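The values are calculated or read from the model by the stated rules, or taken from the named source; none is laboratory data. None of these values were measured; they are calculated from a predicted model. Ideal geometry is used to build each Cβ from the backbone, glycine not excepted, and the neighbour counts take in all protein chains shown. Just so you know, the surface numbers come from the protein's heavy atoms only, side chains and all, with ligands and any DNA or RNA stripped out. Shrake-Rupley method; radii C 1.70, N 1.55, O 1.52, S 1.80 Å.
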Amino acid sequence: MLPSFSETRLKVMDDKPDPGTLSENSEVLFSFGVIADIQYADLEDGYNFQGNRRRYYRHSLFHLRGAIEHWNGEGSPPRCVLQLGDIIDGYNAQYKVSEKSLELVMNTFQMLKVPVHHTWGNHEFYNFSRNYLTNSKLNTKFLEDQIVHHPETVPSEDYYAYHFVPFPQFRFILLDAYDLSVLGVDQSSPKYQQCLKILREHNPNSELNSPQGLSEPQFVQFNGGFSQEQLNWLNEVLTFSDTNQEKVVIVSHLPIYPEASDSVCLAWNYRDALAVIWSHKCVVCFFAGHTHDGGYSEDPFGVHHINLEGVIETAPDSQAFGTVYVYPDKMMLKGRGRVPDRIMNYKKENAFQL
């Protein structure tokens, strides 16, 4: 649960002051932008599957433009922007306009003056096959950094994950939460059969998107998981970061910490991902999307889990994005609209000695 000292600090931040006023004794090293679940479609406003949450399909593009204008206008621009997945809505596939809608959103992103790193979510796979995504502009693996003398930190082509260094001593890792999934995979492939078997073992419902009656409600078709191969790779990268005293930010479409998320929205094998992360000292925070509601919790190992509020469910008169300001001793999320501010202190032994 959210520690009481964090709650106190968050109350102080309700007025959303400039980040500089909250930390006058230390200097901002760099910043990065975060945005999630844009889910654009050229459709009238609608509702989620339960019919109780409004979705603003067309207006999500205006929110994106507003976010880009903000980042472009900052005195010291962010080093990069992390787009946490679900960039266009699954409805685009139904109307056979997936490519057109994606092009429109990607053209909007071209206005951004800094690199954007794209994560893949379930709506990417509702619209496109994994093979299509690999060859699309949503594949930003070309922005990765290579650790030449550590070949084990090079990701496999079997999953969409990579790491990069936006600023010295800070490493960002992008994970593929649909590495294990029945979405976007050829149904005749062994991988599809393997993932379907995993899903059916945990979900006996005829409707595989239904969590009804499940003891592990995350085992639904719109979620996915991390292969052992990807987790082994993550472990190698984190080992390198530990050794080199780096700070690490991890991003994934799916959240992995129950206290920060609706239990239905977690990655299938979130416990396996947590076990890897908790065996290292370097991880500061884990950013995810998918839930649309947002959420936050600091886990027992001092890792901050932030689920970003989704653009798709953000009313026209609000906003949903944030900028994270990185300091020697903490990171501070300055949210806009529905996204609240957060202070993410580093673990005590992890603070820079400047």
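Restricting attention to the range 68-80, which residues are more than 17 Å from V311 (Cβ to Cβ) and open to solvent by less than 10 Å² (accessible area, probe 1.4 Å)? The answer is P78, C80. Checking each residue in the range 197-212 for being open to solvent by 30 Å² or more (accessible area, probe 1.4 Å) and more than 24 Å from the chain's Cα centre (by Cα) picks out K197, R200, E201, H202, P204, N205, S206, E207, Q212.
Screening the range 28-53 for residues that are touching a helix residue (DSSP H, G or I) at 6+ places or on another chain (Cβ under 9 Å) and surrounded by fewer than 13 Cβ atoms within 10 Å (Cβ to Cβ) and picking the one that is modelled with the lowest pLDDT gives N48. Restricting attention to the range 47-68, the residues being touching a residue at least 12 places away in the same chain (Cβ under 8 Å), not in a loop (DSSP other than H, G, I, E, B) and not hydrophobic (A, V, I, L, M, F, W, C) number 7.
Residues that are open to solvent by 20 Å² or more (accessible area, probe 1.4 Å), of a type outside the set (V, I, T) and closer than 24 Å to V34 by Cα: does the range 224-238 have at least one?
Let us first name the residues in the range 224-238 that are open to solvent by 20 Å² or more (accessible area, probe 1.4 Å), namely 228-229, 232, 235-236.
Restricting the remaining residues to those that are of a type outside the set (V, I, T) gives 228-229, 232, 235-236.
In the following step, the residues that additionally are closer than 24 Å to V34 by Cα were identified as none.
No, that holds for no residue.
Taking S188, is it at negative phi, open to solvent by 40 Å² or more (accessible area, probe 1.4 Å) and assigned to a loop (DSSP other than H, G, I, E, B)?
Numbers: at negative phi: yes; open to solvent by 40 Å² or more (accessible area, probe 1.4 Å): yes; assigned to a loop (DSSP other than H, G, I, E, B): yes.
Here the answer is yes, as S188 does meet what is asked.
I'd like to know if the range 86-101 contains one or more residues that are in a strand (DSSP E or B), more than 19 Å from T291 (Cβ to Cβ) and at pLDDT 95 or above. Steps first, please.
Applying the first criterion (in a strand (DSSP E or B)) to the range 86-101 yields 88.
So of that shortlist, the ones also more than 19 Å from T291 (Cβ to Cβ) come out as none.
Within the range 86-101 (the criterion being in a strand (DSSP E or B), more than 19 Å from T291 (Cβ to Cβ) and at pLDDT 95 or above), the answer is no, since none of the residues qualifies.
Which residues, taken from the range 104-162, are closer than 22 Å to L308 by Cα, of a type in the set (F, W, Y), out of contact with any Gly (no Cβ under 8 Å at 6 or more places or on another chain) and part of a helix (DSSP H, G or I)? The answer is F109, and nothing else.
Restricting attention to the range 319-332, does a residue exist that is at pLDDT 95 or above and under 13 Å from the mean Cα position of the chain (by Cα)? Yes, there is a match, as at least one residue in the range 319-332 is at pLDDT 95 or above and under 13 Å from the mean Cα position of the chain (by Cα).
The set of residues in the range 216-265 that are over 14 Å from the mean Cα position of the chain (by Cα), farther than 17 Å from V165 by Cα and hydroxyl-bearing (S, T, Y) comprises S227, S263. The condition of being without any contact (Cβ under 8 Å) to a residue 60 or more places away in the chain and crowded, with 21+ Cβ neighbours inside 10 Å holds for Q83. Within the range 111-142, being under 19 Å from the mean Cα position of the chain (by Cα) and open to solvent by 50 Å² or more (accessible area, probe 1.4 Å) holds for P115, Y126, T134, K137, F142.
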